[in-house]
Amino acid sequence: MQFLTAPVALIGRVFLAYIFLVEGVGKIAHYSDVAAYMQTGGVSSSLLPLVILTELGGGLLVLTGFWARWAAIGMAGFCVITALLFHNDGADVGQTINFQKNFAMAGGFLLLAAFGPGAWSLDEWLARRR
C-alpha cells in the first residue's frame with residue numbers, strides 16, 4: 001500500500017481545500033450578505049476580509065502542500081472557532097451537522113499537521129531540492 005501514499009495524500013489535501021476555496025470565493029461574491037450574517041452571530045463584519053484570506057490562503061497552502069503543516073494547524077483552529085461561533089445551536093439539526101462537520105475537518109487538518117502533506121507537495125519538492 002506504500003505506493004498509494006503520495007496520491008492519496010494529494011487527494012486528501014484536495015478534498016480538505018475544496019470547501020475553503022469555494023467558500024472564500026463565495027464570500028467575495030456575496031460580501032454584504034456574509035457581513036450581515038456575521039453580525040447576527042455577534043462577530044464584527046470587519047473580520048470578513050480576514051476570513052476570506054484564511055479560507056483562500058489556507059485552502060491554497062493546503063492544496064499545494066506549501067507550509068502545509070502550519071496551514072493545517074491554522075485551518076484546524078479556524079474550523080473549531082467557526083463551529084463554536086456559528087454552528088452551536090443544538091436545537092437546529094442543520095447547525096448540529098455543520099458543527100460536527102467542522103470538528104471532523106479540524107481532525108483532518110490535525111492529521112495533515114502531524115503526518116505532513118506527502119511526497120506530492122511543494123514542501124517535499126523544496127526539501128528534496130535542498
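The values are calculated or read from the model by the stated rules, or taken from the named source; none is laboratory data. Note that the coordinates shown come from a computational prediction; the quantities given were computed from them, not determined experimentally. Counting neighbours? That spans all protein chains shown, and the Cβs are built from the backbone with ideal geometry, glycine included.
General observations
- Residue in the range 58-66 that is buried (at least 17 other Cβ atoms within 10 Å of the Cβ), under 15 Å from the mean Cα position of the chain (by Cα) and on the phi > 0 side of the Ramachandran plot present: yes
- With respect to being in contact with a Gly (Cβ under 9 Å, 6 or more places away or on another chain), closer than 20 Å to T5 by Cα and either not polar (S, T, N, Q) or not in a helix (DSSP H, G or I) (or both), G58 falls outside the description.
- Subset of the range 78-92 that is free of Cβ contacts under 8 Å to residues at least 24 places away in the same chain and in a helix (DSSP H, G or I) - its residue that is farthest from R128 (Cα to Cα): L84
- Out of L50, L85, one residue alone is surrounded by fewer than 16 Cβ atoms within 10 Å (Cβ to Cβ), at pLDDT below 95, farther than 17 Å from T5 by Cα and more than 12 Å from the chain's Cα centre (by Cα). It is L85.
- For the range 67-82, residues that are crowded, with 20+ Cβ neighbours inside 10 Å and either of a type in the set (A, V, I, L, M) or over 18 Å from I19 (Cβ atoms) (or both) total 5.
- Filter result (not polar (S, T, N, Q) and not in a helix (DSSP H, G or I)) within the range 103-121: G116, P117, G118, A119, W120
- Single match in A127, A106 (criterion: at negative phi and either surrounded by fewer than 17 Cβ atoms within 10 Å (Cβ to Cβ) or modelled with pLDDT under 95 (or both)): A127
- Out of Q100, Q95, one residue alone is among the polar types (S, T, N, Q), surrounded by fewer than 16 Cβ atoms within 10 Å (Cβ to Cβ), within 15 Å of the chain's Cα centre (by Cα) and part of a helix (DSSP H, G or I). It is Q100.
- Which numbered condition V43 misses (of (1) part of a helix (DSSP H, G or I); (2) farther than 25 Å from F115 by Cβ; (3) not small (G, A, S)): (1)
- Annotation for the range 16-31: at least one member residue is over 17 Å from the mean Cα position of the chain (by Cα), on the phi < 0 side of the Ramachandran plot and not in a helix (DSSP H, G or I).
Quick grid of which residues meet (1) farther than 29 Å from I11 by Cβ; (2) touching a Ser or Thr at 6+ places or on another chain (Cβ under 8 Å); (3) not basic (K, R):
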residue: S45; (1), (2), (3): yes, no, yes
residue: A68; (1), (2), (3): no, yes, yes
residue: G77; (1), (2), (3): no, no, yes
residue: A106; (1), (2), (3): no, no, yes
